[in-house]
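Right, one structure below, let's go through it.
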Amino acid sequence: MIPGNHDIPGLNHPYDRFARPFRRYRRFFGHALEPELRLPGLHVVGLNSTRAFGFHADWSEGRISRDALARAGRRFAAGPGGLRVLVLHHPLLAPDGHGRSVVDPLPALLDLIGGHRIDVILCGHFHRSHLATVGPDESWQGVVSQAATVCSTRLQGEPQGFHEFLCTEDRLDVIRHGYQAGRFVAQATFSFGRGGAGWQAVE
Ligand SMILES: [Fe+2]
């Protein structure tokens with residue numbers, strides 16, 4: 001689990017927001033803001049993109065510090081291999097016509113993805129389902145899964161939903177589930193195959 005912009009106190013609680021923004025999050029979800037999970041064949045690294053304030057107009061937007069990027073890089077470099085998964089709250093891709101900012105700095109994040117051959121990037125924030133491949137250039141492409149919200153009532157033009165991953169070493173099937181008539185139903189499957197330059201959409 002990693003924090004999102006609604007996991008810190010609002011501006012109506014200025015002391016908590018600026019002096020101890022993650023205090024309540026840590027009380028309920030544990031101390032680590034960037035947890036790491038290692039399982040056989042799977043290495044998951046969290047990245048905290050949530051900021052209490054900054055030198056940008058909209059403080060709900062995602063920012064990643066140089067330290068956090070370096071830390072994630074060290075973790076992947078020292079990792080056990082297998083499927084490499086990066087998790088952050090803020091998205092890398094803006095859906096067509098969306099007009100909202102993606103996480104910053106995106107080029108540095110893409111370099112991290114390419115440099116460590118990260119297979120999957122999980123994020124959300126826009127409450128819009130979006131699956132694509134992304135990377136620094138043709139040398140490496142990872143699969144970005146931007147999921148809709150699971151349980152928020154703040155909808156952005158589509159119902160609640162989530163992505164289910166079925167993985168083998170060289171194939172990912174991502175099933176998009178959406179909330180429909182009182183339950184989640186599988187709505188579509190997006191498949192990706194892995195080659196020497198990462199992942200690409202396949203039938
Ligand atoms: Fe968010």
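Since every read-out is calculated from the coordinates, none of them should be taken as a lab result. If you're wondering where the values come from, they're calculated on a predicted model, not measured in any experiment. Here the Cβ is made from the backbone with ideal geometry for all residues, glycine too, and neighbour counts use every protein chain on show.
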- Task: Select from the range 1-57 the residues that are closer than 25 Å to Leu92 by Cα, away from the ligand (no atom under 16 Å from the Cβ), outside any loop (DSSP other than H, G, I, E, B) and free of Cβ contacts under 8 Å to residues at least 24 places away in the same chain and list them in ascending order.
- Result: Leu37
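Can you work out which of the residues in the range 81-105 that are among the β-branched types (Val, Ile, Thr) and not in a loop (DSSP other than H, G, I, E, B) is nearest to the ligand (Cβ to nearest atom)? Spell out how you get there, then give the answer.
Initial filter on the range 81-105 (among the β-branched types (Val, Ile, Thr)): 85, 87, 102-103.
Then keep just the ones that are not in a loop (DSSP other than H, G, I, E, B); that gives 85, 87.
Details: Val85: 19, Val87: 14 Å.
By that ranking, first place goes to Val87.
Specify the residue that is surrounded by the most Cβ atoms within 10 Å (Cβ to Cβ); the eligible residues are those in the range 71-84 that are under 17 Å from the mean Cα position of the chain (by Cα) and hydrophobic (A, V, I, L, M, F, W, C).
From the range 71-84, those under 17 Å from the mean Cα position of the chain (by Cα) are 71-73, 75-76, 83-84; that's our starting set.
Narrowing the set further to residues that are hydrophobic (A, V, I, L, M, F, W, C) leaves 72, 76, 83.
Numbers: Ala72: 24, Phe76: 20, Leu83: 18.
In this case the residue turns out to be Ala72.
Residues checked against (1) buried (at least 16 other Cβ atoms within 10 Å of the Cβ); (2) assigned to a loop (DSSP other than H, G, I, E, B); (3) hydrophobic (A, V, I, L, M, F, W, C); (4) within 20 Å of the chain's Cα centre (by Cα):
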{"site": "Leu122", "(1), (2), (3), (4)": "yes, no, yes, yes"}
{"site": "Arg128", "(1), (2), (3), (4)": "yes, yes, no, yes"}
{"site": "Leu155", "(1), (2), (3), (4)": "no, yes, yes, yes"}
{"site": "Val174", "(1), (2), (3), (4)": "yes, no, yes, yes"}
- Note on the structure: The residue from Glu169, Glu164 that alone is away from the ligand (no atom under 16 Å from the Cβ), over 17 Å from Ala72 (Cβ atoms), touching a strand residue (DSSP E or B) at 6+ places or on another chain (Cβ under 9 Å) and assigned to a loop (DSSP other than H, G, I, E, B) is Glu169
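Any residue at all in the range 107-114 that's more than 14 Å from the ligand (Cβ to nearest atom) and assigned to a loop (DSSP other than H, G, I, E, B)? Working first, answer last.
Here is the first cut: in the range 107-114, the residues more than 14 Å from the ligand (Cβ to nearest atom) are 107-114.
With the extra rule that they be assigned to a loop (DSSP other than H, G, I, E, B), the set shrinks to none.
There is no residue in the range 107-114 that is more than 14 Å from the ligand (Cβ to nearest atom) and assigned to a loop (DSSP other than H, G, I, E, B).
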- Task: Starting from the range 124-137, keep only residues that are among the hydrophobic types (A, V, I, L, M, F, W, C), then list their pairs with residues that are within 15 Å of the ligand (Cβ to nearest atom) and part of a strand (DSSP E or B) whose Cβ atoms are within a distance under 9 Å, requiring at least 6 positions of separation or different chains.
- Result: Phe126/Gln146; Leu131/Gln146; Ala132/Gln146
- Residue tally, condition touching a Lys or Arg at 6+ places or on another chain (Cβ under 9 Å) and among the charged types (D, E, K, R), over the range 59-77: 2
